[in-house]
1. Provide the descending list of Cα extents for the stretch A:5-91 along its principal axes, expressed in whole angstroms.
2. If you take each beta carbon of peptide A:251-258 and count the beta carbons of other chains within 10 angstrom, what is the mean?
3. Sort A:95-107, A:129-141 by the packing proxy (mean of other Cβ within 10 Å over each peptide's residues), most packed first.
4. Under a GNM of chain A (C-alpha, springs under 10 Å), which listed residue has the highest mean-square fluctuation: A:LEU233, A:LEU144, A:LEU124?
5. Using DSSP to define loop residues, name the chymotrypsin sites (Phe, Trp or Tyr not before Pro) in the stretch A:147-244 whose beta-carbon has at most 13 other beta-carbon atoms within 10 Å.
6. Work out from phi, with θ = phi - 60° and the Karplus expression 6.51 cos²θ - 1.76 cosθ + 1.60, the ³J(HN,Hα) of each residue of the stretch A:33-38, listed in order in whole Hz, and give x for Gly and Pro.
7. Summing +1 for each Lys or Arg and -1 for each Asp or Glu, what net charge is found among the other residues whose Cβ lies under 11 Å from the Cβ of B:LEU163?
8. Separation between the B:SER241 and B:LYS10 pseudo-spin-labels, each 7 Å from Cα along Cα→Cβ, expressed in nm?
Amino acid sequence: MNQTYPFKFWCKQQVNRFAPGLFFIGLVLLWECICVFGKVPNYILPAPSSIITAFLNVEFSRWMTHLWATLRVALMGFFLSIIIAIPLSIGMMRSELMNRVLYPALIVIQSTPVVAVAPLIIVLLGTDDPSRVLITCLITFFPLVVSTTTGMLETPPEMIELSKSLRAPRYRETWQIRIPYAIPHIFSGLRVSITLAIIGAVVAEFVAAEEGLGYFIQFSTSFFKIPQAFAGLIFLSIISLLLFKSVQWVQMWLFPWSLPKKK
Amino acid sequence: MGPVPNKTDKNLTYVSLKGVGHKYDPHPNSPMVVQDIDLDIHRHEFVAVVGPSGCGKSTLLRMVAGLLVPSHGSVSVFNLPVTEPRDDVGIVFQKANLLPWLTVRKNVLFPLKHKYGRYSSADEVRANELLEMAGLMQFADKMPDELSGGMQQRVGIVRALLLNPDILLMDEPFSALDALTREQIGFDLLDIWREHPKTVLFITHSISEAVLLSDRILVMSKRPGTVMDLIEVDLARPRTSKTINSPRFAELTDIIRGYIYEPNVPV
């Protein structure tokens, strides 16, 4: 088979395969060149090489302490919002009244900038984990409620008729039909939420914290350790990306049927 | 459920529609979807309903299924008015309507799981027997989307047979399939029906399908759907591909086609 492939086709395939990586490497090299040849000072825009040096200069255990602080808050907020959002969506799907009462309230919460509310929450709940978790929760749960409710309401009417024709109790209609049907929707909500959870945790750390990657970035910036701030920022992005990927892995592992079909 | 009917009684009317009409909007000036439908279906009879799209065929089926309460007239099953879905009535839906998160076997067992929350190993044996009969055993552990459309609909039929209903309601079950698959699954259905005789109400918009499968055909007019004719299909059983080529088959399809395409012909 392989021999019949024209060489041009093979080249095209390889380019397609490596293009995203090559683009990224090219971008970093360009950045490095601009900084080195343009003599951009480190405190304005550090070169990638000095960011790496800065990263290595910080002890590993310190990185882990900050990482754990951020991850802990992000994950606690994320799971708390799952625990709140799913039952809330079921309630809003089942009861028209509940939907009418709660939906406007949710929109008000969603459209209020969390950055503006964060200091007030700190005043209210103190400077410990509870307030940071609440801030994270506030920012993550709206996409979850929306996606779960949408998924459950989009259940095809014939599936609901199947349930009705069996005179099954309504809780089974919810658990055996509507929730599984909503799984792909719930997971797209979870993918949005997990990245928002990191944002929430960082926002909380910007307002009040003694550790965490958000705190580390802010602290480094205020001491003009710009390469170190960049190192923290890039580390944070990688963590965020990994979390996003893990949500996909969990979906692949637990609900393989819910993934879009391969061509 | 009231008095239990003697289902072996030859004279028992399985499904009875008397002056049935329906409108979705209760306003007095709103249009009727179906009107003045009278129909009696007896034990192990196969009755097809044909008519142009939107003539209320599916509405009729939903009223027999107990999913919809008619606004006019009465629908009864075993001489009891239909107020809610019954255990002895099974439904085969338009698209196979399988749950994509369950394997084929679990889809077949779903009615029990959904109705009672569990099923026994004896139920699993029965599900396997049904799958075997429909030639689906080798796909029992596959997911629905790994099956072709025709096989999916066979699973839909098998699922409807799980609770061993006396009456099977089929709502344009083959309309999503291509012509070749459609003809094949029609013959498959006749085989299944011979092994598990049921009283069938079969909704379709395919004239030849109705003639091939049924004992009687209710021809409906366009909206508001009324009865244009009730045709006796006097073709010998078992029916095969030869039946399709017989002159009588052509005659019957022509009669029905006449009703559908020239709706002003007096009945």
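1. 57, 48, 23
2. 2
3. My ranking of the peptides, most packed first, is A:129-141, A:95-107.
4. Per the Cα network of chain A with a 10 Å cutoff, A:LEU124 tops the list.
5. A:PHE223, A:PHE224
6. Coupling constants for the stretch A:33-38: 4, 4, 5, 6, 6, x Hz.
7. 0
8. Those two pseudo-labels are separated by 3.7 nm.
Since every read-out is calculated from the coordinates, none of them should be taken as a lab result. This is a predicted model, so every value here is computed, not measured. Reconstructed Cβ throughout: ideal geometry from the backbone, glycine too, with neighbour counts over all protein chains shown.
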